[in-house]
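Novice: This is the structure I want to talk about, given as structure tokens.
The values are calculated or read from the model by the stated rules, or taken from the named source; none is laboratory data. Worth saying up front: this structure is predicted, and the values here are computed from it rather than measured. As a convention, Cβ positions derive from the backbone with ideal geometry for all residues, glycine included, and neighbour counts pool all protein chains shown. These area figures cover heavy atoms from the full protein model, side chains too; ligands, DNA and RNA do not enter into them. Shrake-Rupley method; radii C 1.70, N 1.55, O 1.52, S 1.80 Å.
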Amino acid sequence: MSDGFAYFLSFLAAAIPAGMPLLLGTLGEILTEKSGNLNLGVSGMMYMGAIFGFMGGYYLDSAIAMLLFAFLGGALGALLYAILTVTLKANQNVTGLTLTIFGTGLANFIGENIMLNSPSMTAKVSDELMARITNIGIPVLKNIPVIGNMLFNTNIFVYLGIGIAVVMGIYLNRTRMGLNLRAIGENPGAADAAGINVTRYKYAHILIGGGICGLGGAYVSFITCSGMWIQDCVGGLGWIAVALVIFASWSPYRALLGSLVFGALSVVQFYKPAFMRGISDPLFSMMPFLVTAIVLVITSIRMRPERMQPKSCGLNYDREDR
């Protein structure tokens with residue numbers, strides 16, 4: 001194997017897990033928007049998942065508790081959003097933005113208190129828990145040449161992200177409940193007339209979508225931050241995830257490709273070729289956000305009708321208006 005090819009494989013092996021928080025945030029938002037609700041609070045739900053998942057791992061020293069708490073943290077943020085938009089008919093854009101502020105503040109508040117109550121003024125989960133989360137190898141599969149080490153000897157979030165994307169794609173396109181959900185996203189009035197419980201579907205899928213976003217936040221606190229709580233750790237990942245929904249044309253399968261591209265952009269500064277060594281690292285750090293803006297412009301211009309946002313997305317449904 002040539003040195004150049006080996007270098008490319010190491011870059012790809014870093015890009016795949018780096019895209020997982022974006023993939024999970026994107027999948028959660030896709031599920032939410034398929035129900036006809038636009039939730040701009042992805043960052044807030046990721047923050048809530050990050051801190052709740054961190055507490056599960058920090059206090060209970062359990063990978064299962066970490067994942068469960070992260071999911072529930074994101075779902076709690078989504079529940080607040082659902083109550084305000086589905087039941088109380090509040091403006092979806094304003095509610096989502098408020099959720100981002102609330103989730104960020106709540107996570108930083110709880111995280112600061114955990115650190116203040118720690119003897120070392122820092123908060124970090126045990127090395128034993130980190131070992132159970134990272135470098136989980138699947139026997140036989142991890143020995144496959146080239147792809148084995150990248151896909152089958154990695155952290156638990158990579159398996160979750162890819163698995164959720166595949167299951168969600170099948171669910172949305174091959175099951176009756178998935179087709180009902182898509183009908184609600186396109187025309188909730190017609191779906192209601194056909195006997196589909198619109199409110200129940202919206203609540204269920206908004207909460208599940210929020211929980212998936214919460215898992216993306218847990219990736220940041222456990223993998224990106226190596227199990228140590230760091231204030232403002234999620235940063236702008238939630239906003240990139242919202243943009244990736246458009247890039248993926250509301251398809252879980254295309255979200256896999258999008259997360260790989262943006263994951264590669266986030267780590268390229270550590271693998272830049274020799275002719276790019278003179279470029280400042282901050283320029284590489286801003287690259288994902290710059291490409292996000294470019295992608296939004298291009299996809300908005302060239303969007304096909306079959307890949308458009310669900311028609312009722314962003315509009316509150318009131319059955320009395322039918």
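Novice: Determine the pairs where a residue that is farther than 14 Å from Met48 by Cα, located within the stretch 79-99, has a partner that is among the charged types (D, E, K, R) and open to solvent by less than 60 Å² (accessible area, probe 1.4 Å) with Cβ atoms under 6 Å apart, the partner being 6 or more residues away or on another chain.
Specialist: Sorted first by the residue in the stretch 79-99, then by its partner, the pairs are Val86/Lys202.
Novice: Of the residues Gly4, Gly36, Gly53, Gly49, only one is crowded, with 21+ Cβ neighbours inside 10 Å and either in a loop (DSSP other than H, G, I, E, B) or modelled with pLDDT under 95 (or both); which?
Specialist: From the options Gly4, Gly36, Gly53, Gly49, the qualifying one is Gly36.
Novice: Exactly one of (1) modelled with pLDDT under 95; (2) under 17 Å from Val158 (Cβ atoms); (3) of a type in the set (Gly, Ala, Ser) is unmet by Ser249. Its number?
Specialist: (2)
Novice: I'd like to verify a number: residues in the stretch 227-248 that are touching a helix residue (DSSP H, G or I) at 6+ places or on another chain (Cβ under 7 Å), surrounded by fewer than 18 Cβ atoms within 10 Å (Cβ to Cβ) and of a type outside the set (A, V, I, L, M, F, W, C), how many?
Specialist: Qualifying residue count, the stretch 227-248: 3.
Novice: When you check Ile30 against the structure, is it farther than 24 Å from Thr122 by Cβ and either among the hydroxyl-bearing types (Ser, Thr, Tyr) or open to solvent by 10 Å² or more (accessible area, probe 1.4 Å) (or both), yes or no?
Specialist: It is false that Ile30 is farther than 24 Å from Thr122 by Cβ and either among the hydroxyl-bearing types (Ser, Thr, Tyr) or open to solvent by 10 Å² or more (accessible area, probe 1.4 Å) (or both).
Novice: So which residues in the stretch 114-139 are under 22 Å from the mean Cα position of the chain (by Cα), open to solvent by less than 90 Å² (accessible area, probe 1.4 Å) and over 26 Å from Leu76 (Cα atoms), if there are any at all?
Specialist: The answer is Thr134, Ile136.
Novice: Of all residues in the stretch 100-113, count the ones that are touching a residue at least 12 places away in the same chain (Cβ under 8 Å) and open to solvent by 10 Å² or more (accessible area, probe 1.4 Å).
Specialist: 8
Novice: Please list, ordered by first then second residue, the pairs with beta carbon atoms under 6 Å, 6 or more apart or interchain, first in the stretch 56-71 and over 14 Å from Ile110 (Cβ atoms), second among the basic types (Lys, Arg) and open to solvent by 70 Å² or more (accessible area, probe 1.4 Å).
Specialist: Ala63/Arg132
Novice: Let me ask something else. Would you mind finding the one in Gly163, Gly185, Gly209 that is free of Cβ contacts under 8 Å to residues at least 40 places away in the same chain and in a helix (DSSP H, G or I)?
Specialist: Answer to the selection: Gly163.
Novice: Looking at the stretch 297-310, which of its residues are at pLDDT below 75 and either in a helix (DSSP H, G or I) or open to solvent by 70 Å² or more (accessible area, probe 1.4 Å) (or both)?
Specialist: Thr299, Ser300, Ile301, Arg302, Arg304, Pro305, Glu306, Arg307
Novice: Output yes when any residue across the stretch 174-184 is among the small types (Gly, Ala, Ser), under 27 Å from Leu97 (Cβ atoms) and open to solvent by less than 20 Å² (accessible area, probe 1.4 Å), and no when none is.
Specialist: no
Novice: Any idea how many residues of the stretch 56-94 are assigned to a loop (DSSP other than H, G, I, E, B) and among the polar types (S, T, N, Q)?
Specialist: 2
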